[in-house]
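Colleague: The following block contains the structure, expressed as structure tokens.
The values are calculated or read from the model by the stated rules, or taken from the named source; none is laboratory data. This structure is a prediction, so every number in the text was calculated from the model and none was measured. For neighbour counting, all protein chains shown are included, and Cβ atoms are generated from backbone atoms with ideal geometry for every residue, glycine included. What goes into the accessible areas is simple: the full protein's heavy atoms, side chains included, and nothing from ligands, DNA or RNA. Shrake-Rupley method; radii C 1.70, N 1.55, O 1.52, S 1.80 Å.
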Amino acid sequence: MSPMDQKNQPIPPEQARALDALIASQTDTSMDEAQADLLLGFVQDRSQDSSLDRTKDCAQDRTKDRTQGRTLGRTLDRVAAPMLDSGEAMAQVVDASARVAEQPLRFALRAVLGLGLGLAAAAVLVFFILPDRSSNSESVDSSGVSPDAAGPIVVSTVGSPKEKANDGVERGVSTEPWAPSAILVNGFSRTRRKRVPAEQDLLAAWKGRWIPGLQMRELHQAAREACAAVYPWPLVSKRVSRPQGSSMRVSATLDGLGLTPSPGILVAGPVASARARALIASRWLLRRVANGSLSLKEIHVPARILLASRGAYRLRLVEIFRKSGVRLDRLLIVRGRHLPPESAELLAAVGVESSLKRLAKVDGRIQGRIVRQALLTASADDGPRSTGFLVDFLVLAHRRQPDSDRIRMAPLAELEGLAWQRFLKTLEDQLAHRARYPDRIFLERLRVDLVSRS
Amino acid sequence: MSDEELDGREPRNARQPGSDLLAARDGDALAFDRLLRPMLGKLLALSRRLTVSEAQAEELLQEVLIRIHRGLAGFRMECSFRSWAFSILYRLARSPGRYSLQSRPGSVALDETLPDRMDVDPFTRVSARDLLRRVEASMERLPLRQRTALHLRSVEGWSYEEIAVALDTSEGSTRNAVMHARRSLRERLGDLL
């Protein structure tokens, strides 16, 4: 019997039963009571939202109309439903929809007239009532925002020359839930769309708990923002602006490391809570990358914090990178001749173990930056991984430029204390394992230099 | 007692609307809770089957519950409530671009964590995990319709007729999908049978 015939053979009942039993035995159909409570509670909470009730009412009306097959009535209903609050005229039009089958032409005429009246009422409302309500409020003048200001400038329009020019025009979006301008065509309110997740919900979700109502894209966006908040300069905008009275304080300069965009610029040192938040968000982002849900490019969001951090905070970030399961050596697989500088620095900061052949993608022209990153991690009381990367990279640099003493001496000048000891130990280990003779000679000379310096 | 009841399946007269269903349609929150609670685990199991991660499965289930709640008032009881609920889940899962239906090769699920306790023999634990992974991987390679049909048939024990309603297809097509799914699984898991 050929394999194709065997494949197309009918399945005997006992085999089908065994297969079903196997699948059923490997499927968990239970749910934790607490989780069920949380989920059903969330749905019940949503049901109390007036917008949902409104959507439900619209759905009921649509279903009724569909059953009766009244196309015109359905269309009118869809148009009229968001405008019910606008005036009595529209309500009359909707009420009359039941008579549409009997006298379609007459009804259509009345509907058009009613719609016109409704629109007129809405226009009157917008032009005469809403300006009165908003005339004493403050509105944001987008044209008056200075690029150097700490935040948007709030301009009062009362009595200003612009008042007449803006008469009758409401700036921005109304924040009242059911104001006409706040209702979208589909019946949802703008305010609900703009709802910001609670802080504790975000933190819990990043830590792995499931929070009903929180979408992945919201979590992702919030994680990026949390990382950007501690990043020394904005990720998106080049303009450096900070809100007044925020929790950011100017504390340090990243001078001497060559990490700032232009030397000497003061950068904001975030307070502890923002830094802790960024750690949690970074871990969540990296796990999503490791899981395959996000692309590898996303690691550059937490990577930027890592490259600009020092000390214990740096060590925590390095641990998060290592434990996340992201295969950083995949960064070395690039089409171009050289690895992008930021990726090379990240590999150095985390101390990625890879073959020298693959490490050859690291650009030799930025070796100073790479060595500094490895040294910063090693100085932050890290284990042997960062020094291991450093030794590998120095060997690689030596192969490229065998006669350059600067390569050997550059890192030695900055090694201190424990990092020096670890580096020496790594060197001795490498000496025992390296097979290539010129590499061994180089490492031996490096070791002698290191010992003599002590 | 009918054959279906003997098989542990839902009898045909299960289509008669229960009091909870009627009350839930009228907006009774407690009735809605009573109606949905027994189904949550089953819905979550199929969500897990149709998505690649626990997070996605939970998100899908949440979306399904919201849709059920919104649409309950318009539910015309032309089919059983559970068929309707599972059909919402199936439709949402297959909507393009919303949920990943197949994991990327070489990826490891985030939810897979080390056990807190090692009270079970490590060998047994590893064997059980390997078996679970094999079954899951084999199911994951099935097309979505076959996967759903086979799950509803083998795990939930539904009749072909009811599965056809949930998948919005004919009974013959459902039988065909289940048969093909079983054949594919027999090829991959034949040594376990």
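Colleague: Out of curiosity, is A:Gln44 within 7 Å of another protein chain (Cβ to nearest Cβ), part of a helix (DSSP H, G or I), surrounded by fewer than 17 Cβ atoms within 10 Å (Cβ to Cβ) and at pLDDT below 80?
Modeller: yes
Colleague: Of all residues in region B:23-60 being facing another protein chain (nearest Cβ under 7 Å) and within 13 Å of the chain's Cα centre (by Cα), which is nearest to B:Met139 (Cα to Cα)?
Modeller: B:Ala45
Colleague: Sort out which residues of region B:1-26 are at pLDDT 80 or above and touching a Leu at 6+ places or on another chain (Cβ under 9 Å), and write them in order of number.
Modeller: If the condition is that a residue be at pLDDT 80 or above and touching a Leu at 6+ places or on another chain (Cβ under 9 Å), then B:Asp20, B:Leu21, B:Ala23, B:Ala24, B:Arg25 are the ones that fit.
Yes/no matrix, rows are residues, columns are (1) more than 17 Å from A:Cys227 (Cβ to Cβ); (2) more than 14 Å from chain B (Cβ to nearest Cβ):
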position: A:Ala274; (1), (2): no, yes
position: A:Leu285; (1), (2): no, no
position: A:Gly292; (1), (2): yes, no
position: A:Val301; (1), (2): no, yes
position: A:Arg322; (1), (2): yes, yes
position: A:Leu356; (1), (2): yes, yes
position: A:Ala360; (1), (2): yes, yes
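Colleague: Hey, can you tell me all the residues within region B:132-154 that are within 10 Å of B:Arg188 (Cβ to Cβ), open to solvent by 50 Å² or more (accessible area, probe 1.4 Å) and either at pLDDT 95 or above or within 7 Å of chain A (Cβ to nearest Cβ) (or both)?
Modeller: Those that are within 10 Å of B:Arg188 (Cβ to Cβ), open to solvent by 50 Å² or more (accessible area, probe 1.4 Å) and either at pLDDT 95 or above or within 7 Å of chain A (Cβ to nearest Cβ) (or both): none in region B:132-154.
Colleague: Within region A:346-366, track down each residue that is in a helix (DSSP H, G or I) and either small (Gly, Ala, Ser) or open to solvent by 50 Å² or more (accessible area, probe 1.4 Å) (or both).
Modeller: Across region A:346-366, the qualifying residues are A:Ala348, A:Ala349, A:Lys357, A:Arg358, A:Gly364, A:Arg365.
Colleague: Follow-up. So B:Val165 clears everything in (1) open to solvent by 40 Å² or more (accessible area, probe 1.4 Å); (2) at the interface with chain A (Cβ under 10 Å from one of its Cβ atoms) except one condition, right? Which one?
Modeller: (2)
Colleague: Shifting gears a bit: Against the condition buried (at least 17 other Cβ atoms within 10 Å of the Cβ) and under 14 Å from the mean Cα position of the chain (by Cα), how does B:Leu92 come out, does it pass?
Modeller: The answer is yes for B:Leu92.
Colleague: For region B:70-81, which residues satisfy the criterion of being surrounded by fewer than 20 Cβ atoms within 10 Å (Cβ to Cβ) and within 13 Å of chain A (Cβ to nearest Cβ)?
Modeller: B:Arg70, B:Gly71, B:Ala73, B:Gly74, B:Phe75, B:Arg76, B:Met77, B:Glu78
Colleague: Something else about it: B:Gly157 fails exactly one of the following numbered conditions: (1) modelled with pLDDT of 90 or more; (2) on the phi < 0 side of the Ramachandran plot; (3) surrounded by 13 or more Cβ atoms within 10 Å (Cβ to Cβ). What is the number of that condition?
Modeller: (2)
Colleague: Just wondering, is there one or more residues in region B:82-91 that are at the interface with chain A (Cβ under 8 Å from one of its Cβ atoms) and either under 30 Å from A:Arg287 (Cβ atoms) or aromatic (Phe, Trp, Tyr) (or both)?
Modeller: No: region B:82-91 contains no residue that is at the interface with chain A (Cβ under 8 Å from one of its Cβ atoms) and either under 30 Å from A:Arg287 (Cβ atoms) or aromatic (Phe, Trp, Tyr) (or both).
Colleague: Kindly indicate whether A:Arg287 is more than 19 Å from B:Ser53 (Cβ to Cβ), of a type in the set (Lys, Arg) and in a helix (DSSP H, G or I).
Modeller: In short, no.
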